[in-house]
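Asks: Structure below; questions to follow.
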Amino acid sequence: CMLKIRCSCRLPAMLSCLCPGPAPKEDKVAAVSPAGTRSASGVSSAGSVRVIEERQLFVSEPGPQMFGNGPNPSKSSWEGETWSNRNWLKSRFHFNFAEYHNGPGQFGVLRVMNDDLVQPKRGFGTHPHRDMEIMTFIIHGRLTHKDSMGTEETLGRGGVQFMTAGRGIRHSEHNLHGEPLRFVQCWVMPRRRGLDPAYGSHSCSDEERLNRWALVAADAQNTLRAPVRIQQDCNVFISELKPGRTPADALKIDDDRHAYLLCVEGSVQLIDGQGKVHEMKQHDGSELKGPLELAPEAGAQGAFLLLFEMPKTSDGRGDF
C-alpha cells in the first residue's frame, strides 16, 4: 500500500468550482462504528436497502469539443476500432450534475458520484474546483492527473486520487494510453469552506481489498486509521469479492448512520433488516439505512464494491 500527499496554501481564492453543489455546512463529528462482528443471518434486526438500478441513472455523452478534445473517430478507422464507445466520454450520474437537474441533489454529504468511461487519448482539460473533497477510483485503464500545485501522476486499477479543493485548485485528467479508462469520481461536501488545497494518492494491492472491506478514506478528525484523510464525517470502503464470497466481516451501519453503495463490477445480493433479498448488478447504486450489518454475497462473476458511510439524513431518491 502506498500513499502520497502534496499540499499548497498559495492558490487564488477566486477559482470557481466545476458544477458546484450546495454550500457546505458546519457539521458535528458523529461517532463512527465502521465494522462489526458478522451475525449468523448477516443482518441486524432493522435497516433498509433501496436499490437504484442503472436504468434510473442519467447518462451523459457530451460532445468531443468539451474539455479540448478532438473529433470522435469514425467507427471504421483504426482508432475507432480500438474504442469501446462511439463517443469519447460516457458518464453515469447518480446525482444532479452538469446538464442533469431532475434527480436527487445528494445523499447525505455525498454530492457527486459519476461513473466515467473515457476513450483512448482523450480526457478532461484543465478546469477548476473549490470547496469539495474529491476522490477518484480507477477501475480499469490508467488515469493521468496534473494540477496547479505541480503534481503529475498516473494510477491504474485500485488507485485512489484525492483532492481537498478548498480555496481553489485547477487540474486535468486524461487517458493517455491505448485502452479505455473507467473511473468513478465522487465529491464529498467538506465541513467548512476555504480549506488549504491538497492532493494525494493511495495504491492498494489486490490482497488489501480481496474478500474484505478495506477502509480507504476516513474523517481527518477521527481516530480511524485510513490512508486517505478527508474533511468530513464520512468513511469510504472498497471490496473485491470472489464468486459466491462475502466479506470476512460484515460492515456495521449504526442506527444514526446510512450509506450509499455502488456495484462497480459484477453482482451481489444484499439482505435488509426484514430478511428481504435485494440484487445489485454492475452500475447499480443502493441507499442503505442503519441499523444494518452489511454482508453482500457476490454472484457468479464476483463483484467490486464502493461504499460511502456517513451520518443519516432524510436524503433519498424519489420514485420517477
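The values are calculated or read from the model by the stated rules, or taken from the named source; none is laboratory data. Just so you know, these numbers come straight off a predicted model, no measurement behind them. Cβ coordinates were reconstructed from backbone atoms using ideal geometry, including for glycine residues, and neighbour counts include every protein chain displayed. Accessible surface areas use protein heavy atoms only, side chains included; no ligands, DNA or RNA. Shrake-Rupley method; radii C 1.70, N 1.55, O 1.52, S 1.80 Å.
Asks: When region 156-170 is examined, which residues are found to be surrounded by fewer than 21 Cβ atoms within 10 Å (Cβ to Cβ), in contact (Cβ under 8 Å) with a residue 40 or more places away in the chain and not small (Gly, Ala, Ser)?
Replies: Selection gives Arg167, Arg170.
Asks: While we're looking at this one, here's another question. Looking at region 54-68, which of its residues are part of a helix (DSSP H, G or I) and either modelled with pLDDT under 95 or out of contact with any Lys or Arg (no Cβ under 8 Å at 6 or more places or on another chain) (or both)?
Replies: Arg55, Met66, Phe67, Gly68
Asks: Residues that are within 29 Å of Arg317 (Cα to Cα) and of a type in the set (D, E, K, R): find the strands (runs of 3 or more DSSP E) completely inside region 101-163 holding 1 or more of those.
Replies: The strands (runs of 3 or more DSSP E) meeting that bar are 110-118, 133-140.
Asks: Another question, if that's okay. Can Leu251 be described as within 18 Å of Ile139 (Cα to Cα) and either in contact with a Phe, Trp or Tyr (Cβ under 9 Å, 6 or more places away or on another chain) or open to solvent by 50 Å² or more (accessible area, probe 1.4 Å) (or both)?
Replies: No.
Asks: Still on this structure, please answer the following. Kindly indicate the residue of region 261-320 that is in a strand (DSSP E or B) and polar (S, T, N, Q) and also surrounded by the fewest Cβ atoms within 10 Å (Cβ to Cβ) among those meeting that condition.
Replies: Within region 261-320, the match that is surrounded by the fewest Cβ atoms within 10 Å (Cβ to Cβ) is Gln301.
Asks: Can you tell me how many residues in region 111-152 are modelled with pLDDT of 95 or more, charged (D, E, K, R), within 21 Å of Pro227 (Cβ to Cβ) and surrounded by fewer than 19 Cβ atoms within 10 Å (Cβ to Cβ)?
Replies: 1
Asks: If you don't mind, there's one more thing I want to ask. Going residue by residue through region 69-78, is there one that turns out to be buried (at least 17 other Cβ atoms within 10 Å of the Cβ), touching a strand residue (DSSP E or B) at 6+ places or on another chain (Cβ under 7 Å) and outside any loop (DSSP other than H, G, I, E, B)?
Replies: No, every residue in region 69-78 fails to be buried (at least 17 other Cβ atoms within 10 Å of the Cβ), touching a strand residue (DSSP E or B) at 6+ places or on another chain (Cβ under 7 Å) and outside any loop (DSSP other than H, G, I, E, B).
Asks: Hey, can you tell me all the residues within region 186-203 that are assigned to a strand (DSSP E or B) and within 14 Å of Ala217 (Cα to Cα)?
Replies: Correct list: Cys186, Trp187, Val188, Tyr199, Gly200, Ser201, His202, Ser203.
Asks: Considering each residue of region 204-235, count those that are of a type outside the set (A, V, I, L, M, F, W, C), without any contact (Cβ under 8 Å) to a residue 40 or more places away in the chain and either assigned to a loop (DSSP other than H, G, I, E, B) or under 22 Å from Gly302 (Cβ atoms) (or both), and give that number.
Replies: Within region 204-235, residues that are of a type outside the set (A, V, I, L, M, F, W, C), without any contact (Cβ under 8 Å) to a residue 40 or more places away in the chain and either assigned to a loop (DSSP other than H, G, I, E, B) or under 22 Å from Gly302 (Cβ atoms) (or both) number 5.
Asks: Restricting attention to region 96-142, which residues are over 30 Å from Ser205 (Cβ atoms) and in contact with a Lys or Arg (Cβ under 6 Å, 6 or more places away or on another chain)?
Replies: Within region 96-142, Pro104, Thr126, Pro128, Asp131 qualify.
Asks: Next question, about the same structure. So, Gln274, is that one in contact with a strand residue (DSSP E or B) (Cβ under 9 Å, 6 or more places away or on another chain), modelled with pLDDT under 95 and over 19 Å from Met135 (Cα atoms) or not?
Replies: Judged against the criteria, Gln274 is a match.
Asks: So which residues in region 171-197 are hydrophobic (A, V, I, L, M, F, W, C), open to solvent by 10 Å² or more (accessible area, probe 1.4 Å) and farther than 18 Å from Thr126 by Cβ, if there are any at all?
Replies: Residues satisfying the conditions are Met189, Leu195.
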